[in-house]
1. Considering lysine pairs in the stretch 154-301 that are 8 or more places apart or on different chains, how many have Cα atoms under 25 Å apart?
2. Take the alpha carbon gyration tensor of the stretch 183-232, find the square roots of its eigenvalues, order them as a ≥ b ≥ c, and report rounded if a/c is under 1.5; if not, report prolate when a/b exceeds b/c, else oblate.
3. Once amide H atoms are built 1.01 Å from N in the peptide plane, which residues 5 or more positions from Asp134, or in another chain, come under 5 Å H to H?
4. How far apart, in nm, are two points set 7 Å out from the Cα along the Cα-to-Cβ line at Tyr165 and at Ala217?
5. Extension gain Asp283-Lys249, at 0.36 nm per residue separation less the Cα-Cα distance, in nm?
6. At a Förster distance of 22 Å, what's the computed FRET efficiency of Asp292 paired with Lys267, Cβ-Cβ distance as r, to 0.05?
7. In the stretch 137-165, which residues have a backbone nitrogen under 18 Å from the label point lying 7 Å from Glu240's Cα in the Cα-to-Cβ direction?
8. If R₀ is 22 angstrom, what is the calculated FRET efficiency for the pair Gln300 and Ala233, using the beta carbon separation as r and rounding to 0.05?
Amino acid sequence: SITDSSCTGRHACYNSSVGVISGQSCDGESSCKKVLAQSITDSSCIGEIACLGSEIDDVISGKSCDKRLSCFYVYAKSITDSSCIGEQACRSLVSYYGETPNVSSGSCVGYRACYYAGFYGVLGPSISASCKGDDSCYVAGYTGSVGDLVDSCDSDSACKDMGFYGSVGNVMNGCNGKGTCQSVAEEETQSVSAIVDCCNAPDGFCAGVESNDGLVAADPTCKAGVNLADTLALIEEESESDTSPFTEKQLCYGKTAVENTVASLSKGHSTAAVRYGVNKAFDDLGCDDKSDSEICEILQL
């Protein structure tokens with residue numbers, strides 16, 4: 001079904017095999033060009049060629065994709081709440097080799113705001129309240145990888161070359177301010193574990209950072225997030241090891257404690273709250289009798 005005055009422009013539902021486009025959608029020249037949609041709603045894809053490479057399969061809504069080429073290579077699943085409004089704002093959000101992120105809470109608003117997001121790499125699974133500003137997530141992913149973006153990359157060129165041949169972990173309440181994290185992980189062999197509650201203007205400019213050491217040198221408050229991200233990665237490795245000194249229960253409880261601590265850090269909770277979470281992870285993992293474990297060493301830093 002196509003309802004509510006949808007697909008009225010020239011070639012508006014071009015090459016479509018559509019399940020539900022509604023709400024005055026697809027009202028520009030070639031605006032839903034290659035759609036194989038499962039619902040585009042609420043006045044979405046109004047701009048010229050707005051959903052060019054779409055293969056949506058579950059919801060673009062909330063007045064999304066409302067400028068020329070705004071969802072370029074979408075392959076999206078759930079872009080909501082007025083997202084992707086700027087011209088080319090989600091240009092390569094999910095390329096052929098990428099993974100499908102969610103985009104919500106008014107994200108990707110601004111000219112080319114999520115320009116290369118996921119391009120031949122991995123981005124996501126989520127972008128939330130992030131990438132607001134011209135070129136704000138410029139080359140996110142780009143043949144590398146980027147984790148979740150939450151409350152981050154808000155300002156012009158804020159995360160300009162993020163990922164770029166390297167890898168970046170979750171970015172949570174980070175890189176907010178013009179050019180704050182420009183050129184992050186800009187080499188094939190470089191990586192940044194996480195950017196959590198740091199690299200925010202006016203004090204946390206991390207332009208030129210290409211490694212964890214460089215990140216912490218640029219903004220020492222990044223250290224906690226890096227340590228916690230490294231801990232999570234090591235817990236995952238231990239859970240797959242047949243010779244791990246940790247029990248399955250210890251790894252499960254320890255991982256939960258670290259994840260909760262990362263959330264506390266990203267939400268700006270007190271140092272005492274973060275320290276409580278680290279101590280709980282230390283106890284849950286039984287670190288008192290595992291002094292030679294890298295995980296336990298990191299949790300003591």
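1. Going through the stretch 154-301 pair by pair, I get 16.
2. Taking the square roots of the gyration eigenvalues as a ≥ b ≥ c, the stretch 183-232 is oblate.
3. Placed amide hydrogens put Tyr111, Asp156, Ser157 under 5 Å from Asp134.
4. 1.9 nm
5. Gain in length upon complete extension: 11.0 nm.
6. Working: r = 33 Å, r/R0 = 1.51.
With R0 = 22 Å, the Cβ-Cβ based efficiency is 0.10.
7. 145-147
8. Plugging the Cβ-Cβ distance into 1/(1 + (r/R0)^6) gives 0.80.
The values are calculated or read from the model by the stated rules, or taken from the named source; none is laboratory data. Keep in mind that what you see is a predicted model, and the values were worked out from it rather than measured. Neighbour counts run over all protein chains shown; Cβ positions are idealised from the backbone, glycine included. Just the protein is used for accessible areas: all its heavy atoms, side chains included, with ligands, DNA and RNA removed. Shrake-Rupley method; radii C 1.70, N 1.55, O 1.52, S 1.80 Å.
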